[in-house]
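The values are calculated or read from the model by the stated rules, or taken from the named source; none is laboratory data. No experiment lies behind these values; they were computed from the predicted model shown. Virtual Cβ from ideal backbone geometry, glycine too; neighbours counted across all protein chains shown.
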């Protein structure tokens with residue numbers, strides 16, 4: 001028989017939105033006219049929509065869903081910030097509600113589309129809202145959205161995608177439970193979903209483990225509906241394990257609940273599951289009786305998914321009783337509906353059954369044809385790589401809770417160790433800097449003494465200074481990563497590096513640490529030799545923090561750099577102190593998860609994907625002392641193939657030039673538009689484009705700052 005389970009769907013109950021079969025529609029419609037508050041009216045319209053949907057009046061339901069969505073959209077455009085955020089949340093709730101009703105109608109395409117709209121809206125609220133209650137409600141809704149998307153992909157047979165979404169829902173629920181935002185009983189549904197996926201994957205013992213966790217929570221909180229539905233799914237697992245008597249007892253408990261509450265869909269599912277049991281027992285007569293009972297209810301409710309399950313059950317019965325004409329008839333009916341709802345798992349199972357039917361009739365060519373179709377779909381769902389990914393995803397979730405505390409402890413130890421190790425090297429660094437400064441001072445003093453000599457001698461001494469600075473340039477260049485190193489780290493890259501003087505206060509840096517590639521572009525205080533000193537310090541600090549202290553998170557690296565730099569220059573914030581600092585954009589790529597982590601100090605970055613440019617925002621603080629220090633923040637982006645990332649300093653955008661008589665800055669907007677225009681070119685071509693544009697703009701004007709652009713293609 002085809003594997004089948006009952007999905008627990010928890011109806012949303014945000015801000016008083018309750019959907020009840022006992023609500024009188026006329027009363028709700030009359031009430032809707034009298035509401036003074038837009039938000040209350042939107043919630044009331046959603047109640048009406050859901051009531052119509054439960055009565056199978058889909059056109060009327062859609063009208064009220066759209067009315068609620070339109071009102072919420074208008075409220076979300078309000079100039080009042082509070083109303084705007086309230087409207088945005090209600091708009092997300094409308095998208096989710098419509099998506100949920102479309103899922104129940106097996107309209108997976110539009111259901112997923114509305115779920116994703118809801119997710120995009122809640123994520124924006126979580127990121128930008130200043131109201132904790134709005135953020136909390138958005139997080140609660142996110143857990144439901146991820147569960148909803150997981151249900152869609154479960155029904156379509158994409159189990160790895162389904163599992164990822166259920167684990168996201170579980171992780172969110174766990175966090176909210178720990179914070180006391182939602183009760184522990186909410187976790188029962190998430191464990192239920194994980195049990196469901198492992199059942200479909202054939203991991204029966206793992207499935208039972210999750211179901212029992214869900215059952216324990218439901219029993220603890222006396223959730224009668226949850227207990228009934230979990231027992232039903234436990235019975236299905238027991239049927240597969242040939243424990244049919246146990247399974248029938250659990251189905252009977254579920255059936256009593258369905259009859260008590262007149263839950264027709266649940267009742268039909270239980271009849272279907274009981275039929276499976278009797279097929280296992282070779283009692284085909286009883287199996288037919290229960291399938292007939294289930295079909296009567298399913299036809300009445302026009303439940304397409306339920307109808308497929310019953311048709312597959314009848315196919316199995318008639319195949320085993322050698323009534324092959326009937327078996328093929330019901331299999332083809334099931335196949336037609338499965339193709340309509342685009343369910344790979346159903347289509348796969350039907351092809352397998354048709355292969356068995358033709359094999360039993362000794363029509364081996366037809367049997368082989370359907371078996372090949374079955375095998376192609378089976379392999380697409382259960383490739384070794386997908387199974388490995390699914391197992392890894394589940395293992396990561398299981399380990400994540402235990403790892404949380406370990407990670408916190410490791411982070412504290414890493415900070416402490418990094419400070420100890422850096423202190424040991426600071427004396428050497430400062431000694432080298434002092435020695436370098438003394439050499440420069442001695443050279444300058446010597447030149448002043450020699451100024452009285454003839455011009456030819458002055459020229460010779462000037463040449464020596466230039467040679468010294470050029471040698472300093474070689475030292476600085478040696479500290480920067482070579483093209484060979486960058487070519488090993490990145491698929492494609494470009495470096496446009498134009499110091500204002502011989503040595504530069506800008507620097508770029510890149511290193512590989514385990515499975516992380518960490519790279520940066522930075523602008524240090526000053527130009528020439530002073531800027532070069534700070535840049536050498538910056539490179540040294542980055543090497544120490546990543547290669548010795550094992551830090552890979554860019555926000556933590558910047559925090560430690562700020563701490564070290566302040567200590568190094570003895571900065572406390574007084575106006576009399578030097579204000580040396582570093583503006584930097586710092587990235588770390590996890591090559592295993594293909595995730596980009598970004599943190600910036602005054603310097604943002606751009607990521608261009610297709611026809612979209614994404615700005616990675618920096619904290620408005622330098623690395624160094626600042627009158628109002630803000631903790632550096634990390635942003636995470638899931639990278640896609642051919643994503644292009646640009647790190648830069650302010651020299652290019654601040655360059656004066658243009659065609660007008662009055663000189664003007666190039667500006668960040670022009671720079672951003674230029675990158676977007678050329679980003680699809682090869683990196684060497686992009687570097688040439690940037691160089692040509694710079695020279696065309698600058699013309700006869702002087703370069704005013706160090707220039708650095710660091711681009712990579714993923």
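General observations
- The requirement of being surrounded by fewer than 16 Cβ atoms within 10 Å (Cβ to Cβ), outside any helix (DSSP H, G or I) and in contact with a helix residue (DSSP H, G or I) (Cβ under 7 Å, 6 or more places away or on another chain) is satisfied by residue 78.
- Filter result for residue 336 (loosely packed, with under 15 Cβ neighbours inside 10 Å and without any contact (Cβ under 8 Å) to a residue 40 or more places away in the chain): yes
- Taking every residue in the stretch 467-479 that is farther than 14 Å from residue 499 by Cα and pairing it with any residue that is part of a helix (DSSP H, G or I) and at pLDDT 75 or above, at least 6 positions away or on another chain, the pairs with Cβ-Cβ distances below 7 Å are 479/536; 479/539.
- Residue check for residue 310: over 26 Å from residue 194 (Cα atoms) and at pLDDT 85 or above: no
- Residue that is surrounded by fewer than 24 Cβ atoms within 10 Å (Cβ to Cβ) and not in a helix (DSSP H, G or I), where the choices are 529, 517: 517
- Flag: residue 562 matches the condition of being farther than 30 Å from residue 641 by Cα and modelled with pLDDT of 90 or more.
- Residue 608 outside any loop (DSSP other than H, G, I, E, B), touching a strand residue (DSSP E or B) at 6+ places or on another chain (Cβ under 8 Å) and more than 26 Å from residue 501 (Cα to Cα): yes
- Taken over the stretch 551-573, the criterion of being under 22 Å from residue 637 (Cα atoms) and exposed (fewer than 15 other Cβ atoms within 10 Å of the Cβ) is satisfied by no residue.
Residue-by-condition table, conditions (1) in contact with a strand residue (DSSP E or B) (Cβ under 7 Å, 6 or more places away or on another chain); (2) farther than 23 Å from residue 308 by Cα; (3) outside the structural domain of residue 125 (by TED's automatic domain parsing):
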site	(1), (2), (3)
142	no, yes, no
152	no, no, no
156	no, no, no
162	no, no, no
167	no, yes, no
172	no, yes, no
188	no, yes, yes
193	no, no, yes
198	no, no, yes
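- Residue in the stretch 655-689 that is surrounded by the fewest Cβ atoms within 10 Å (Cβ to Cβ), counting only those that are touching a residue at least 40 places away in the same chain (Cβ under 8 Å) and under 27 Å from residue 534 (Cα atoms): 656
- Lone qualifier among 437, 457, 486 - being touching a strand residue (DSSP E or B) at 6+ places or on another chain (Cβ under 7 Å), assigned to a helix (DSSP H, G or I) and either modelled with pLDDT under 70 or under 30 Å from residue 640 (Cα atoms) (or both): 486
- The numbered conditions (1) farther than 19 Å from residue 499 by Cα; (2) touching a residue at least 24 places away in the same chain (Cβ under 8 Å); (3) touching a helix residue (DSSP H, G or I) at 6+ places or on another chain (Cβ under 9 Å); (4) not in a helix (DSSP H, G or I) are all true for residue 637 except (3).
- Scan of the stretch 611-634 for residues that are buried (at least 18 other Cβ atoms within 10 Å of the Cβ), under 22 Å from the mean Cα position of the chain (by Cα) and not in a strand (DSSP E or B), ordered by number: 618, 632
- For the stretch 95-109, the criterion of a residue being in a helix (DSSP H, G or I), within 19 Å of residue 134 (Cβ to Cβ) and modelled with pLDDT under 90 is satisfied by no position.
- With respect to the stated conditions, residue 295 is surrounded by fewer than 21 Cβ atoms within 10 Å (Cβ to Cβ) and in contact with a helix residue (DSSP H, G or I) (Cβ under 9 Å, 6 or more places away or on another chain).
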